[in-house]
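*Asks:* The structure's right below; bear with me while I get my questions together.
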Amino acid sequence: MFSMRLIIGIIFLLLINVKYSFANHKFTCNHFTEKYEKKFSLPNKLLTSISLVESGKKVGDKFTSWPWTLNVEGKSKFFESKDQTLSFLKLNYKKKKNIDVGCMQISLKYHFKNFKNLEHALDPESNVRYGAKFLKSLYKRHRTWNEAISRYHSSNIPKKNKYLEKVKHYWSELRQKKKYIEIGNLRKKRDEKIEYYREILSKNKYSNKI
């Protein structure tokens, strides 16, 4: 039989772990793509779908956009943290200006002037906000979402058509909730674990009285 102190300790650790998970999730690409889709009146899940194509990475058993992603002269690089990514950028930006950064893989070659510095360009919220703004400007210019999506990546016809198909694939998958980390799932797991240990605690109290 579990001791009362052990059970309380387990519940406390669970709460800390869930709080940490929520804190991390709050600053991921998916959180901000959902936020700025609404602010810029973009089609539901479109910005998130683009971010999956641009910076998608398998994290655990889920495929999600990764904020610490760079594309250096056509080669993708995934880093563990903001500090690691920023260190690489500071060392290599002046040597190789053809670098795309962050959740939305914003090109520093063409768009760096719209940011205060490298850290601002890499920041998940700033990065996603600018990606949303740029996508909306493409839509206003070209009048269709297909053309806006395509030109987010390239104006080269073969490249933009291939890119459009990739985004449409993720867009379809995403609307079926197959490839994206949901806060709701984290909350459900937390509640299930806490309820389980509450039941054990309750049984332990009852058995002690007998």
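*Asks:* Six or more apart or on different chains, Cβ atoms under 7 Å: show the pairs whose first residue is in the stretch 157-177 and over 17 Å from M104 (Cα atoms) and whose second is of a type in the set (S, T, N, Q) and part of a helix (DSSP H, G or I).
*Replies:* Pairs found: N161/S150.
*Asks:* Which residues, counting only those in the stretch 108-119, are surrounded by fewer than 14 Cβ atoms within 10 Å (Cβ to Cβ) and within 13 Å of Y93 (Cβ to Cβ)?
*Replies:* Hits for the stretch 108-119 are K109, N117.
*Asks:* May I pose another question? Does the stretch 100-133 hold any residues that are among the hydroxyl-bearing types (S, T, Y) and either more than 26 Å from K58 (Cβ to Cβ) or part of a helix (DSSP H, G or I) (or both), and which are they?
*Replies:* Y110, S126, Y130, listed by residue number.
*Asks:* Moving on. Among P43, P67, which is the only one that is touching an Asp or Glu at 6+ places or on another chain (Cβ under 8 Å), modelled with pLDDT of 95 or more, in the same structural domain as W145 (by TED's automatic domain parsing) and in a loop (DSSP other than H, G, I, E, B)?
*Replies:* P43 is the lone residue from the list that is touching an Asp or Glu at 6+ places or on another chain (Cβ under 8 Å), modelled with pLDDT of 95 or more, in the same structural domain as W145 (by TED's automatic domain parsing) and in a loop (DSSP other than H, G, I, E, B).
Yes or no, residue by residue, for (1) more than 20 Å from S154 (Cβ to Cβ); (2) small (G, A, S); (3) surrounded by 10 or more Cβ atoms within 10 Å (Cβ to Cβ):
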| residue | (1), (2), (3) |
| --- | --- |
| G60 | yes, yes, no |
| L70 | no, no, yes |
| F78 | yes, no, yes |
| S87 | yes, yes, yes |
| N98 | no, no, yes |
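Let's see how each residue does on (1) assigned by TED's automatic domain parsing to the domain that holds S41; (2) surrounded by 17 or more Cβ atoms within 10 Å (Cβ to Cβ); (3) at pLDDT 95 or above:
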position: K133; (1), (2), (3): yes, no, yes
position: S137; (1), (2), (3): yes, no, yes
position: A148; (1), (2), (3): yes, yes, yes
position: N156; (1), (2), (3): yes, no, no
position: K189; (1), (2), (3): no, no, no
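The values are calculated or read from the model by the stated rules, or taken from the named source; none is laboratory data. It should be emphasised that the depicted structure is a prediction, and the values quoted were computed from it without experimental measurement. Cβ atoms come from the backbone with ideal geometry, glycine included; neighbour counts cover every protein chain shown.
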